[in-house]
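Quick notes on the structure that follows.
The values are calculated or read from the model by the stated rules, or taken from the named source; none is laboratory data. None of these values were measured; they are calculated from a predicted model. When we count neighbours, we look across all protein chains shown, and the Cβ atoms used for this are built from the backbone with ideal geometry, even at glycine. Just the protein is used for accessible areas: all its heavy atoms, side chains included, with ligands, DNA and RNA removed. Shrake-Rupley method; radii C 1.70, N 1.55, O 1.52, S 1.80 Å.
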Amino acid sequence: MFSSVKTMSLLGLSASVVTVEADISDGLPVFDMVGYLANEVKEARERVRTALKNSGLSLPAKRITVNLSPGDIKKSGTSFDLAVALALLASLEIIPAEGLEKSMVFGELSLTGQVRPVPGILPMVIEAGRYGIKNCIVPFDNAAEGSVVEGVNVTGVKTLNEAIGYMKGELLCPQGKKENNVCETNANEKADVDFSDVNGQETVKRAMEIAAAGMHNILIIGPPGSGKTMLAKRLPTILPSLSIQECMEITKIYSISGKLEKGQGLIRKRPFVNPHHTVTAQALAGGGSIPRPGECSLAHKGVLFLDELPEFSGNTLEILRQPMEDREVHISRTQGNFTFPSDFLLCAAMNPCKCGYYPDLNKCTCSASDVKKYLSKISGPLLDRIDICAEASRIKYSELKRCDKAEDSETIRERVKKAAMIQNERYAGTGIRFNSELSASDLEKYCVLGKKEEELMKNAYDMLSLSARVYHRILKVARTIADLEGSDRINVSHLSEAIAFKSIDRRYWHG
Amino acid sequence: MDENIRYISRMDRDYPEKLKNIPDPPAGIYVKGRLPDDKKKSVAIVGARNCSQYGKSIAEYFASSLAAAGVQIISGLARGIDGAAQSAAVKAGGSTFGVLGCGVNVVYPKCNADIYKETLKTGGIISEVSNDEPPLKAHFPLRNRIIVGLCDILLVIEARERSGTGITVRNALEQGKDVFAVPGRLTDSLSAGCNRLIAQGAGIALNPETVLLALSCNDDKEPVICPSCKRKYDSREIGYEKITLVGTEKVVYSLLDLYPKSLDEILMNSDLTLSETLEALFKLMMKGAVSECAKNHYVRKI
């Protein structure tokens, strides 16, 4: 007898419907699976047969054919096991075929009949909802993740027998509990780190506040052990809260990468991604024959932290240029073109020189050319995309042991939120969200300077031999500082602060 | 061969008299521009390449004062002290001569291309090796002996205890030239070499006047000492004119030093807010009283 079950196949961030057709007919006892299958899908045959046996059911000695259609897209992953098993059981009339038509089934089987979690449940359930499916059967551990989607009933099953019982209507499986999906302003989960943990380093904290408010990329320079990493880890805690839409985007990416924890629903925390400096270009941008999101997509809506920036290979860093510009990564493979979102805030940290102590010449053992060489490892184009540069100095004992608590993330975030709101209003309808996205022509419109300010910038331009590009970046950062203060106009103090945080220019690094 | 470049052998009439008298005079030298005037006094100013902002300022102070008094400044056109001294000498209207460890057509280090050009305006570039020879390690000790050979007094501004400057000093002793050193703090590794020289009997360069007096001790007539050589080292006097500081600028300036201070240190020692401090620092920079020597590290300028 013939029967069919619907499931999904993942391709990048999108999913497409796959129908698992099973037919059991007379003939030599064979179990065949066809439909352009990757190896792990072909192996489903053994898993399904053994899982059925260990669940107390056995396949008859007949000719069994399973087809995954459409036959022209490559199916990979292990999420087809449960669908294959249920299709077979429907053909054997162990479970009713009617219920199956309105459902979609995902899950991997173990030999004992357990249903194992699979990656990509969220995008698959979203797509199922769009396809008009009202019911999804997913592994129990993925139930929380799947039930995020509105309008789809998600049922989590632990074993094959549970799934059978559910299909027969004998057993009521626990539905994934519906999370509160209302867009709350405080949707952020309480972070386990806070800015109040860090004493001192007021300069860097201020620079980070500005970076967060205008989504400016930031570079922190400082000697080893000055707390660069510690500060960077706290950067996500002062970014504005996530909207539900953003949470979905993040969760989708983590879902297809299989990085969601067991039983985790929506991710409500901004990600902090911290790849080691040996990371390859493919790992950073995303890669593989069927591409998976790389580190810069995993940092979507969060912070991508590159510690020891000069130690990264040049090629790897160059890869970042396109995602930073487009906020997406495009990857082309024979399977098709894939696009992963990658809208992150780049936070980089580095030592001022190889030994790390420049400009303390008593401690620094580098020669002048060593210092230059170290800095020149970072390419100009990348440096061009960094708006703010701050210096973390060695922390003093008195600061380390200070009793009064430093400002906490919540207070800083309130200010950042206000600045973000001002920007929202100002740029309504222009497609710009943050000051960092302003183009040179926008600057004339939004960063108008008074006479006094104009004169200051002219002096600074000549005295500090600024380039046009650095000049524009100073204006953008000054705009953010003014927004943080709630000021309409950019004034002298905003400009001088922006100049102090201007990014390093290689020519003027030494003297 | 470039018309501006001359090869002068030891037999040549133009061959510097001073070079003839050293233990192993070069067989000939390549000169681009002019040769030092044998009748005029010369001082060689040398020191660390990776020098501090303070060292740079001191080098400029000595070089400009000496150059204004008509002394020729000889140096190696290197990074740090050498370059600072030579460009200051040109600015003061004096003549300066760069002795290279590579051919005279090769600009090394590249970052000193400006100084290279400036030097040619009033002085010259000298080398023992042929025109397009690259800067090889072995050339530099040989170059140092020419620097010393061309000068009457060797002035060391900043040097670590074991450094290239040590070789230059040894050359000076072999050639019987006077060595002067600028004293520094005991804790500064960049001054350790200078302090050691003083301990071993080098002259103490308290100000340009000391050097000028030493230059003319064998002469009959009194040295011409211009007012700038007598000028006391006062960092409140920036350049040659007084700069007026107001309000927060005074507070911030008083917190600064001739040694780099980080923004955090400045903030910790004052009650000013970050934006007030930065505004004051920026104004001080515009006035030329302060400079940013590395990212968010500030020093007083002299």
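Principal-axis analysis of the Cα atoms of chain B puts helix B:164-175 at an angle of about 40° to the longest axis. Solvent-accessible area of the protein assembly as shown (1.4 angstrom probe, protein heavy atoms only): carbon and sulfur portion equals 50 percent. For B:Q72, nonlocal amide neighbours, meaning residues 5 or more places apart or on other chains whose placed amide H falls under 5 Å from its own, are B:K41, B:S42, B:V43.
For B:V290, the residues 5 or more places off, or on other chains, whose built amide H falls under 5 Å of its own are B:M285, B:K301. In chain B the longest region clear of chymotrypsin sites (Phe, Trp or Tyr not before Pro) that are loop-assigned by DSSP and have at most 12 other C-beta atoms within 10 Å covers B:1-232. Shape analysis of the stretch B:5-230 places it in the rounded category; the axes a ≥ b ≥ c from the Cα gyration tensor give an a/c below 1.5.
Our note on the geometry: Cα centres of the stretch B:88-105 and the stretch A:326-342, 57 Å apart. Which aspartates and glutamates have a Cα lying under 19 Å from the Cα of B:K20, excluding residues fewer than 8 positions away in the same chain? In chain and number order, the partners are B:D12, B:D37, B:D38, B:E128, B:D152, B:E174, B:D178. Beta-bridge orientation, the stretch B:5-230: approximately 30 percent antiparallel, per DSSP, counting only bridges with both partners inside. What the protein assembly as shown shows is 43 Å² of accessible area per residue, with the surface traced by a 1.4 Å probe over protein heavy atoms.
Less than 5 angstrom separates the built amide H of A:L109 from those of A:D81, A:L82, A:R116, all sequence-distant by 5 or more or on a different chain. What is the Cα centroid distance between the stretch A:344-358 and the stretch A:252-277, reported in whole angstrom? The two parts, judged by their Cα centres, are 26 Å apart.
Mean per-residue shielding of peptide B:276-285 is 6, counting Cβ atoms of other chains within 10 Å of each Cβ. When every Cα-Cα distance of the stretch A:195-508 is counted in 10 angstrom steps from zero, the calculated P(r) takes the values 6, 25, 34, 26, 9, 1, 0 percent. For the pairs A:K6/A:K252; A:K168/A:K252; B:K117/B:K287, note any where the Cα-Cα span goes beyond 30 Å. From A:K6/A:K252; A:K168/A:K252; B:K117/B:K287, over 30 Å: A:K168/A:K252. Inter-chain neighbour count for B:50-58: the average number of beta-carbon atoms from partner chains within 10 Å of each residue's beta-carbon is 3. Ignoring aspartates and glutamates fewer than eight residues from A:K62 along the same chain, the ones with Cα atoms less than 18 angstrom from its Cα are A:E21, A:D23, A:D26, A:D32, A:E46, A:E93. Only protein heavy atoms count here, probed at 1.4 Å, and on that basis chains B and A bury about 2900 Å² of accessible area in total.
Relative contact order, whole percent, for chain A stands at 13, derived from Cα pairs under 8 Å and 6 or more residues apart. Of the trypsin sites (Lys or Arg not before Pro) found in the stretch B:94-189, those that fall in a DSSP loop while having at most 14 other beta-carbon atoms within 10 Å are B:K137, B:R162, B:R185.
Give the angle, between 0 and 90 degrees and rounded to the nearest 10, that separates the Cα long axis of helix A:244-256 from the longest principal axis of the Cα atoms of chain A. For A:244-256 against chain A, the angle is about 60 degrees. Using only Cα atoms and rounding to the nearest 10 degrees, what angle (0 to 90) does helix A:121-131 make with the longest principal axis of chain A? Once rounded, the angle reads 70 degrees. Working ranking of peptides A:72-80, B:88-96, A:413-421 by packing, defined as the average number of other Cβ atoms within 10 Å per residue, highest first, is B:88-96, A:72-80, A:413-421.
Across the stretch A:3-14, coupling constants 3J(HN,Hα) worked out from phi with the 6.51/-1.76/1.60 Karplus curve, θ = phi - 60°, read 8, 9, 10, 9, 8, 10, 10, 8, 9, x, 8, 9 Hz, and Gly and Pro carry x. Look at the stretch A:199-205: the mean tally of other chain Cβ atoms within 10 Å of its residues' Cβ atoms is 3. In this model, which of A:K418/A:K502; A:K228/B:K56; B:K39/B:K301; A:K502/B:K301; A:K354/B:K283 are farther than 28 Å apart at the alpha-carbon? In this structure, A:K228/B:K56; B:K39/B:K301; A:K354/B:K283 exceed 28 Å between Cα atoms. The lysines within cross-link reach of A:K417, meaning a Cα-to-Cα straight distance under 20 Å and a gap of 8 or more places when in the same chain, are A:K190, A:K205, A:K233, A:K269, A:K301, A:K476.
Loop-resident GluC sites (Glu not before Pro) (DSSP state other than H, G, I, E or B) in the stretch A:260-350 with no more than 15 further Cβ atoms inside 10 Å of their Cβ: A:E261, A:E308. Its relative contact order, with pairs defined as Cα atoms under 8 Å and 6+ residues apart, puts the stretch A:41-173 at 23 percent. Going by a ≥ b ≥ c, the root eigenvalues of the Cα gyration tensor, does the stretch A:350-477 fall in the rounded group (a/c under 1.5), the prolate group (a/b larger than b/c) or the oblate group? Judged from the Cα gyration tensor, the stretch A:350-477 comes out oblate (a/c at least 1.5, b/c at or above a/b). The DSSP beta bridges internal to the protein assembly as shown are antiparallel in roughly 50% of cases.
Report the relative contact order of the stretch B:237-300, percent, no decimals, based on alpha-carbon pairs under 8 angstrom and at least 6 residues apart. Contact order relative to length: 42 percent.
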